[in-house]
Amino acid sequence: MSQVIKVSKQGKDVLSGTLTPNDYIFDSTLNTFKIVSSGTISGTVSGDPSTLQLAHNQGTIPAVYAFAKFPDGYVSMPGGLSRTGDANRWWKVEMDATNVYFDFYKGTTANYNPVVSYYIFEAPL
Amino acid sequence: MTQVIRVSKAGVNVGTASVANDFNYASDYNTLKYHSSGTINVVCAGTTAEGTVTHSLGYTPFFSSYSWVYDDPSEGAVYSMCPQVFVDAFYWTFVNTFADANKLYFQVVTNSAVGTFPFKYFIFRNNLGL
């Protein structure tokens, strides 16, 4: 018999046999979105684009999510721009089987130094 | 010795499995952990509008958000991941979500005020370290 580990949310009977995946805090029969690597990377944006490059060492093209902190102090999602200030400052994330590329666009004002927080997941694309 | 909890996928021997994708769960790897989720409606009466949600974590968390941008409410709810741009012949809207150590900011920039923009969001406990 297969052994399972299940932890239900408060107020849900884990033994009822009627629970749905969202009723569990944890269910070992369902795959989890595992983070295999995370960290921060920073650099200077002086062109359109300027690329911060990170070797991910996964051997496949991994799922990646990231966030960037702009000089105004606010954190933006991939494809987003700076919340305040130069509206032409924006960024995106690309990846291949070797690297993750964080492409930043300078906009019309001075160079700037963003900081990226990245998460690389085990699921290959 | 370091203790671990590992649950392999069906048909995979947990004792010999070696890569992350062999496991349904392995305590070797971090996962996203929920803090809160919800919906906020941003009312746009001009060409820009912003709503906020306070998370009070004291650090900038991992988050995701989805918004419903429409020019015809009769189409029903259709959400896309933020940030997103909606453009048609006479109308454009850009929606974005930002974060800091205290709040999430849900921003709408448009060329024509069309009412209320719903955002659905997920905030995780994972600290971005930014």
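The values are calculated or read from the model by the stated rules, or taken from the named source; none is laboratory data. Remember, predicted model here, so these are calculated numbers, not experimental data. Reconstructed Cβ throughout: ideal geometry from the backbone, glycine too, with neighbour counts over all protein chains shown. Surface accessibility is based on the protein's heavy atoms, side chains included, excluding ligands, DNA and RNA. Shrake-Rupley method; radii C 1.70, N 1.55, O 1.52, S 1.80 Å.
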Among the residues of the range B:110-130 satisfying the criterion of being within 20 Å of A:THR84 (Cα to Cα) and either among the small types (Gly, Ala, Ser) or in a loop (DSSP other than H, G, I, E, B) (or both), which is nearest to the other protein chains (Cβ to nearest Cβ)? B:LEU130
In the range A:1-29, which residues are loosely packed, with under 11 Cβ neighbours inside 10 Å and more than 9 Å from chain B (Cβ to nearest Cβ)? A:MET1, A:GLN10, A:GLY11, A:ASP13, A:LEU15, A:SER16, A:GLY17, A:THR18, A:THR20, A:PRO21, A:ASN22
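Quick grid of which residues meet (1) under 30 Å from B:ASN21 (Cα atoms); (2) at pLDDT 95 or above:
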{"residue": "A:THR20", "(1), (2)": "yes, no"}
{"residue": "A:ASP23", "(1), (2)": "yes, no"}
{"residue": "A:ILE41", "(1), (2)": "yes, yes"}
{"residue": "A:GLN53", "(1), (2)": "yes, yes"}
{"residue": "A:GLN58", "(1), (2)": "yes, no"}
{"residue": "A:THR84", "(1), (2)": "no, no"}
{"residue": "A:SER117", "(1), (2)": "yes, yes"}
Test each condition in (1) in a strand (DSSP E or B); (2) surrounded by 15 or more Cβ atoms within 10 Å (Cβ to Cβ); (3) modelled with pLDDT under 95 for A:THR32 and report the one that comes out false. (1)
Among the residues of the range B:84-109, what is the count of those that are under 21 Å from the mean Cα position of the chain (by Cα) and either part of a strand (DSSP E or B) or more than 10 Å from every other protein chain (Cβ to nearest Cβ) (or both)? 18
Against the condition more than 30 Å from A:ASP27 (Cα to Cα), open to solvent by 50 Å² or more (accessible area, probe 1.4 Å) and without any contact (Cβ under 8 Å) to a residue 60 or more places away in the chain, how does B:ASP88 come out, does it pass? yes
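So, A:PRO71, is that one facing another protein chain (nearest Cβ under 9 Å), surrounded by fewer than 21 Cβ atoms within 10 Å (Cβ to Cβ) and either within 25 Å of B:THR110 (Cβ to Cβ) or touching a Gly at 6+ places or on another chain (Cβ under 9 Å) (or both) or not?
Numbers: facing another protein chain (nearest Cβ under 9 Å): no; surrounded by fewer than 21 Cβ atoms within 10 Å (Cβ to Cβ): yes; either within 25 Å of B:THR110 (Cβ to Cβ) or touching a Gly at 6+ places or on another chain (Cβ under 9 Å) (or both): yes.
Taking the combined requirement at face value, the residue does not satisfy it.
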Considering each residue of the range B:14-72, count those that are part of a strand (DSSP E or B) and open to solvent by 30 Å² or more (accessible area, probe 1.4 Å), and give that number. 14
Restricting attention to the range A:42-60, does a residue exist that is within 12 Å of chain B (Cβ to nearest Cβ), over 16 Å from the mean Cα position of the chain (by Cα) and not in a helix (DSSP H, G or I)? yes
The number of residues in the range A:76-125 that are surrounded by fewer than 17 Cβ atoms within 10 Å (Cβ to Cβ), over 15 Å from the mean Cα position of the chain (by Cα) and within 10 Å of another protein chain (Cβ to nearest Cβ) is 2
Among the residues of the range A:30-41, how many are more than 12 Å from A:VAL115 (Cα to Cα) and facing another protein chain (nearest Cβ under 8 Å)? 8
